[in-house]
1. Give or take rounding to whole Å, what are the principal axis extents of the alpha carbon atoms in region B:2-220, in descending order?
2. Net charge within 11 Å of B:Ile167 by Cβ-Cβ distance, Lys/Arg positive one each and Asp/Glu negative one each, not counting B:Ile167 itself?
3. Which one, B:Asn278, B:Phe447, B:Tyr56, is farthest towards the positive end of the dipole of chain B when Lys and Arg carry +1 and Asp and Glu -1 on their Cβ?
4. Quick one: length gained pulling A:Glu133 to A:Ala61 fully straight, 0.36 nm per residue minus the C-alpha distance?
5. Taking a threshold of 21 Å on the Cα-Cα distance, which of the pairs A:Lys19/A:Lys54; A:Lys372/A:Lys432; A:Lys395/B:Lys372; B:Lys2/B:Lys239; A:Lys314/B:Lys2 fall above it?
6. Considering every pair of different Cα atoms, what Kirkwood radius, in Å, is found for region B:1-81?
7. Out of residues 5 or more away from A:Lys5 or on other chains, whose amide H comes under 5 Å of its own, with H placed 1.01 Å from N in the peptide plane?
8. So for region B:300-448, considering every pair of alpha-carbon atoms, how many percent are separated by more than 25 Å?
Number of protein chains: 2
Amino acid sequence: MKVVKFGGSSLASATQLEKVLNIVKADTDRKFVVVSAPGKRNAEDTKVTDALIKYYKHYVAEKDVTKDQDWIIQRYQDIADELQLDGRVMENIKATVLELATLPIKDNPFLYDTFLASGEDNNAKLIAQYFNENGLNAIYMHPKDAGITVTNEPSNAQIIPSSYDTIEKLSELDEVIVIPGFFGVTQDNHICTFSRGGSDITGSIVAAGVKADLYENFTDVDGIFSAHPGIVHNPNSIKELTYREMRELAYAGFTVLHDEALIPAYRGRIPLVIKNTNNPSHPGTRIVLTHSNTQQPVVGISADDGFSSINISKYLMNREIGFGRRVLQILEELNIGFEHMPTGIDDMSVVVRDRELTPIKEEEILRQLTHKMEVDKAEIERDLSILMVVGEHMKDQIGVTAKAAKALSDNDINIEMISQGSSEVSILFVIKTAQKNEAIRALYTTFFE
Amino acid sequence: MKVVKFGGSSLASATQLEKVLNIVKADTDRKFVVVSAPGKRNAEDTKVTDALIKYYKHYVAEKDVTKDQDWIIQRYQDIADELQLDGRVMENIKATVLELATLPIKDNPFLYDTFLASGEDNNAKLIAQYFNENGLNAIYMHPKDAGITVTNEPSNAQIIPSSYDTIEKLSELDEVIVIPGFFGVTQDNHICTFSRGGSDITGSIVAAGVKADLYENFTDVDGIFSAHPGIVHNPNSIKELTYREMRELAYAGFTVLHDEALIPAYRGRIPLVIKNTNNPSHPGTRIVLTHSNTQQPVVGISADDGFSSINISKYLMNREIGFGRRVLQILEELNIGFEHMPTGIDDMSVVVRDRELTPIKEEEILRQLTHKMEVDKAEIERDLSILMVVGEHMKDQIGVTAKAAKALSDNDINIEMISQGSSEVSILFVIKTAQKNEAIRALYTTFFE
């Protein structure tokens, strides 16, 4: 049994929906179809979700919303017309879109979520109807009926663990089940959307709930590339990634799937594949718990900007039990998460995200380091990037670090810091942001060409 | 003005004392001479300090101490005879040695310290007399008279900061001042010895007190070697080291001077030189605050055994603000200092000294990590060594890391972890202990041959 999720660009037009139909038909194991709202048909187009945000804003500002309603309804109508669907589904969609403008504005913390979720919800209705009229025994299912029960946190819903037991029962149904992504229903019957990762989370939750053999996530790319295609010309796509490798790559700039979306699938030990709706015969990138066979040591190179380092020196620092912990405590009390902490003997660097380091917090940190911790020197270094060489099989091969460090030095890139722990899923270099792209290309050439 | 300190092997015999006399005479700036107790004359010999420990043990056990007293007195007598010293100094030394066996045993926490300190004290008297009879205007000075006032902690004396002002006045005297090392006097007039570093600490304190231009520490080697001579055949001695480089090297196995002994000199910004009594024309190793000129990037390679690593994995670890701090807190509550903490995204390794990780503490750490921190995996890796490539000028040169990592991989040495902070005084590799010597040789060959 497979759960299949389609993103907005896979559902933007009749042409795309035909591809989706063929994909679902091609494999009878594809029993659960999770859908996004219609995406852009071309670069100038508007996503339905963005149109819904505008509609919401005009409604709460008590402006005229007719144009917003018309545009949204017409968007679905265009698809329905092209697909020559039975008129009843559009009656339902139209009513739902208009009804939004009758909901209470005051004391309704779920109003925004309800507007937005309708984009996915209406699309699911339309697609279930399309499937039904084209040879698939399909039903639309609202998240409430599917059992996707979530916490009471508008725009930040969390799945309630007991939901999985309810969702599991769906596997007893015979039909292909079309579920709108991006939202669940609270115990008080409010529509509540997930934060980041949107429909991917729904797919992940359903896959974990029904204990799917595979969660297929259809996008518009042939999987995950081993380096950013904007920096490296025509990079390889990765055949197989472990969840841990995916996390490491996602940390430093890879954003095909948001890693929070992966948690339910990861916890449920469900393998995942990222495939291309426009090229479904391409094997895509599989995300698995453990590698199926010995791969090349490095699976990907990623890098992310926006880091700073707090560099601290104190003579005899390493004799002070609790020194490192107290430095981290200062940051924690200022609500700053630390990313890495490479240490020498009498010095340490604490790498943090720039965005967490406001001028006021920066001043406070330096003040406390100087006065409370009595350090000899404390300074902030800015404009740093984290560069990661990722691959679980690196630990089986001697010399990956040497190869990476040599590639960087051969290209005159100075390594500001290194952190490599025993797990060796990744080697992490801190470099100056100005040298980031050059560094990625140097490492890609070394490990993939 | 220079402070000169001689170690036990430089003071073991008349032959050695003649060298010492010539060294002091050769430079009229050598105004302060700090001395240890007589060391071994040959491999089978007993150090005076060890003889005093035996004497102390017999005395407190109320056994016959005559033989102990005789041996110690004879030891000084032999030197005095060879140097043909005036008999009065031996009268004084003899009386002092015998007097130890009249001191109260009960309620005397300073008894052990008083026994031990007499080794240095009597040697200083003898040496001052020898200097005087051989053309130097020298006086013996007890630490009480010198103003070396310390805290009331037997065998762990700490200098009281106001002492420095008293010590400073010594610079007004005309004579060469011979001061016994290793102990100070409490405000209640008790003899109290320093913990580790012994006479080196006294030299360092006097140098800081009189604001010496140089602290010369005479040993029996031509300075500090760039790698351990037991592992690398005939290594170079280092011309110049910064205090920070010295600390890094001392951390991982270099023990020419104990780093605690350096603190007063470091704080007083006094440059230090380690020289060889048996080869005084050799320039030795200077220890300075900042390098005088651009040196080669790497000054030394050191390594130390006896480390373990606590390896922790948890999916989404890096999203938890305070995770790292809480792990360190668990260790701190068990009174375990951490050495290094290289981090990936969802994993971290905490490197600790083996000796701090008792089986009970180990079990408690794993229990808390599993139950309190809910980690996915926690395990202890043993038999690790820390390997350090040290040099302040590394940061000016791209490619040192690459060179070091390549040397290791070319010799099939797997790098378990790396930590390199922004200060870049050192690059720290964690490797398996079984590969330590091979790793040192590989790095020495790369950077020094």
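1. 48, 40, 31
2. Numbers: positive: B:Lys169, B:Lys211; negative: B:Asp145, B:Asp165, B:Glu168.
Local net charge: -1.
3. Among B:Asn278, B:Phe447, B:Tyr56, the one farthest towards the positive end of the dipole of chain B is B:Phe447.
4. Details: separation 72, 0.36 × 72 = 25.92 nm, distance 4.04 nm.
Going from the current span to full extension adds 21.9 nm.
5. Values: A:Lys19/A:Lys54 30 Å; A:Lys372/A:Lys432 30 Å; A:Lys395/B:Lys372 29 Å; B:Lys2/B:Lys239 19 Å; A:Lys314/B:Lys2 27 Å.
Long pairs (Cα-Cα over 21 Å): A:Lys19/A:Lys54; A:Lys372/A:Lys432; A:Lys395/B:Lys372; A:Lys314/B:Lys2.
6. Values: mean 1/r = 0.0711 Å⁻¹.
Evaluated over region B:1-81, this radius sits at 14.1 Å.
7. Here A:Val34, A:Glu216, A:Asn217, A:Phe218 satisfy the definition.
8. On the way: 3766 of 11026 pairs.
Above the 25 Å cut-off, region B:300-448 has 34 percent of its Cα pairs.
Read the figures in this text as sums done on the coordinates, not as results from a lab. Because the structure is a prediction, the values reported are computed rather than measured. Heads up, the Cβs are rebuilt from the backbone with ideal geometry, glycines too, and the neighbour counts pull from every protein chain shown.
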